[in-house]
Amino acid sequence: KRSSVQSKQMRLNFLSFFLVAWAFPEAFALYDEDSAVITLTSEDFTKQVIGSDDIWVVEFFAPWCGHCQEFAPKYEKAAEELSKFGIKVGALNVEAEPETDPGAKSLQNVEGVNGFPTIKLYSGPSTPNPYAGRRYRALSEVFKGKRTTSELKRAALKMFPRESVTQIKSVEDFGKVGSALKGMTGEHAEAMKQMKAAVLFTEKKSTSSLLLSLAYSMMPRLIVAIVNSELDEVTSHFGVEDFPSFVMVDPVTAPETGEILDTFSGDIKDRDAILAWMEEFALDIKVGEPEADPAADTQSEGQVMTLTEIEFPGVVLGGPEAWVVAYLEDAEEALEEVIPAWEKASD
């Protein structure tokens with residue numbers, strides 16, 4: 001009997017919570033300000049998630065959602081663990097009031113959020129838009145695993161591209177890297193020829209998530225490579241005897257000289273300390289950053305943009321500007337008529 005009473009009370013408590021959360025959604029934030037989970041608005045999403053190269057995990061939720069409430073502690077734990085690898089974790093209330101977040105509902109449709117919670121992972125470089133001087137991200141996938149801390153963490157860590165860490169198996173491999181740098185042409189070519197390589201000599205057979213995260217963070221300003229301790233030719237060439245050892249070399253001259261520019265002396269598991277050390281040798285350039293088209297702020301051709309379905313959410317829905325958009329079946333042919341008319345209207 002007592003169990004029956006307790007069960008009814010629990011149902012009443014949940015119903016009360018549901019009704020209040022439904023009526024006053026802004027009063028029920030899933031995560032505190034000091035949480036490892038970053039609370040996002042639709043504008044934050046466009047700037048920080050779509051407009052960056054960082055790997056993001058984003059939960060789209062509704063404050064009245066019982067599954068969201070149940071998952072919150074596990075999601076927060078995942079955020080704490082993923083932060084150790086530089087992965088950012090956010091949460092966005094897509095049912096926020098229009099006065100609070102005008103773009104939330106549109107973002108829900110754009111991101112294909114049909115149930116709660118929907119968790120999406122974003123990785124890879126954002127796509128530059130030369131007209132607006134912004135960057136937009138195209139790579140994303142819906143998390144379809146079990147809603148557990150371990151499953152989410154595993155999926156997020158898989159977002160690091162394996163090829164970001166260069167596998168060195170011989171001194172000749174360094175020569176190939178150096179030759180590739182020397183043969184570079186185009187913008188930043190001269191600077192890229194000066195690129196250094198941070199090389200981890202280790203007894204481990206596999207590439208750790210920590211090393212992958214470091215390589216991802218330093219791309220494309222520093223090469224991150226790995227050498228197994230059993231490769232005597234390489235270890236003896238550089239005179240490395242202790243493992244693990246993290247050293248900095250010049251890939252252009254290293255095949256000949258075997259010179260080590262510097263050796264990391266801190267905790268080999270301290271990501272922040274390793275990043276600080278790498279920054280001392282990384283190139284000080286921004287590759288792929290688009291410059292704003294001067295015409296975009298004037299009554300000229302810069303005002304008319306051809307948008308793909310990928311660019312549309314970030315450009316049109318994510319910003320504060322007012323837009324007039326024409327949806328065209330054959331864009332190339334139709335634009336010949338549309339652009340002159342719109343340019344005339346803009347005068």
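A few points about this structure:
- Cα-Cα over 29 Å, subset of 47/176; 84/182; 77/158; 144/196: 47/176; 84/182; 144/196
- Relative contact order, whole percent, for segment 175-259 stands at 41, derived from Cα pairs under 8 Å and 6 or more residues apart.
- Taking other C-beta atoms within 10 angstrom as a stand-in for reagent exposure, 147, 162, 154, 221 fall in the order 162, 154, 147, 221, fewest first.
- Residues 157, 139, 82, sorted so that the one with the fewest Cβ neighbours within 10 Å comes first: 139, 157, 82
Values in this text are rule-based calculations from the coordinates and carry no lab data. The model shown is predicted, which means the values in this text are computed figures rather than measured ones. Glycine gets a Cβ as well: all are built from the backbone with ideal geometry, and neighbour counts include every protein chain shown.
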